[in-house]
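Chemist: Take this structure, written in structure tokens, and hold onto it; I'll ask about it next.
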Amino acid sequence: MFLLSLLYLVLTIIRPQDYLPGLVGVPVLPVVLVLAFLAWLVSAAKTFAAPQFLILPVFLLVLMVSQVVNGWSGGALDELAKFGPTVVAFFVLAACCTSQHRVVVAMAVFVLCAVVLALHGVEQADTGVGWTGIPIGEDGRIQYVGIFNDPNDLGLLFAATLPMAVFLSRRGGFFGRIFWLAAAALLLYGTYLTNSRGAMLSVLVVAGIYIWRRRGMVTAGVLGVIGLACMQVLSSRMQDLDVDDESAYGRVDAWYSGLHMFMSHPVFGVGAGNFTEYNDLTAHNSFVLVLAETGFVGYILWLAFVSYGFLMMLAVLRHKPDPAAGPEQADEWRGECGIAFTLLSSLCGLFTSAFFLSRSYTVVMYLLIAVVVGYYMGVRQRFPELPAFRLSEGGWRWVPAAVGSIAVMFVVVAVLLRSV
């Protein structure tokens, strides 16, 4: 089951079925997912000991209902076909990643796949076209095939996998360290080639979190300002990062439109995938997109699904093991904290980019969260004193959390519109 899950991850990111003549049109991705799901069904390793296992199927149901209440009954089956495989992939990968070894292997696969895409981008930048046959964008930004045909999606992937590469460099010997550090450097260069402002900010956030943990908030803040200044020099698009920029204004206007969609359809939204039916541009914000398309019901579920991942990793980092347990357990716990901090950093990088992109339903996001959930279930088996997250205990708190976050969105958009 684990090998099939990794194969699905590789096919999802590298996507040879989209450009190799012998694989084009062959349903390799669905077949691998079905085989992995069948293995999951008969496996004794499957577990539902995390709230995300309930939240995600219900969120799928809300996606289907959002189409029905907006007048398209056939849209329910369409959403099931589009988002259903993501739900299945989440269940399978989360069940596999309960041991430290498997989480580390999953991280390595994520990084290696991202490196392949970065190398493709380097070839594009050098020759004008990559081995997939996809040329570099007219604006000089690298791109890939399939779900990564947008440079911003490439940047999101690079920012999310960068902490994993740095983590892996600390686990191997000398040559392993050199290899993974080279991979990290390539991901940074790939981010530069995407010229994605959101991805560059994500890298800055990830670096800031690392420095904050190591050196404190003041040092992180000072270096963050320096880093932002350097990025403005390196990227022509970062120089335009202000509300007067046409692109920035379009994003704010899209956020404004999304909030009005929510006000006119507050319960189930305007329907999944229907944002551009009401606005020329997509939301350019994953949170606004979910709120506008699935309403308050879907937004609560999605917010809880995402936030539980952050809370799980923070729970590991905040936990203080019994000092009387001995040095061996202390060493083991330091290893757990290293993995938790890496996954937390990856989540921060991912959702910093997602805040400026409409990637609410992208499969890569759910695969990363699956690793997070699987890891937390595993670490709780090894350290039962860690808290168990249950919707029955405090799940109601997501309602005021959603209300508060929506209020913040309204305030931010109002301030930005007044600044134009």
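Chemist: Based only on the alpha carbon positions, what is the Kirkwood hydrodynamic radius of the stretch 1-146, in angstrom?
Modeler: It is 17.5 Å.
Chemist: Can you give the accessible area of Glu79, probe radius 1.4 Å, in Å² rounded to 10?
Modeler: 10
Chemist: Sum -39500 (n - 2.57) across every DSSP H segment of at least 4 residues in the chain, then divide by the residue count to get the 222 nm mean residue ellipticity, nearest 500.
Modeler: -24500 deg cm²/dmol
Chemist: At 1.4 Å probe size, with the rest of the protein present, what percent of the exposed accessible area of the chain is carbon and sulfur atoms?
Modeler: Exposed carbon and sulfur together represent 66 percent of the surface.
Chemist: Can you tell me the order of 170-176, 13-19 when each peptide is scored by its average per-residue count of other Cβ atoms within 10 angstrom, highest first?
Modeler: Descending packing order for the listed peptides: 13-19, 170-176.
Chemist: Which whole-number value in Å² is the accessible area per residue of the chain, probe 1.4 Å?
Modeler: Heavy-atom SASA per residue in the chain reads 44 Å².
Chemist: Does the chain come out rounded, prolate or oblate, given a ≥ b ≥ c as the square roots of the eigenvalues of its C-alpha gyration tensor, rounded meaning a/c under 1.5 and, failing that, prolate meaning a/b above b/c? Working shown, then result.
Modeler: Values: a/c = 1.20, a/b = 1.09, b/c = 1.11.
Rounded, since a/c falls under 1.5.
Chemist: Next question, about the same structure. Post the alpha-carbon centroid distance, the stretch 253-288 to the stretch 347-361, in whole angstrom.
Modeler: Centre-to-centre distance over Cα atoms comes out at 17 Å.
The values are calculated or read from the model by the stated rules, or taken from the named source; none is laboratory data. None of these values were measured; they are calculated from a predicted model. Because the Cβ atoms are built from the backbone with ideal geometry, glycine has one as well, and the counts that use them run over all protein chains shown. In case anyone asks, the SASA skips ligands and DNA or RNA and just uses the protein heavy atoms, side chains included. Shrake-Rupley method; radii C 1.70, N 1.55, O 1.52, S 1.80 Å.
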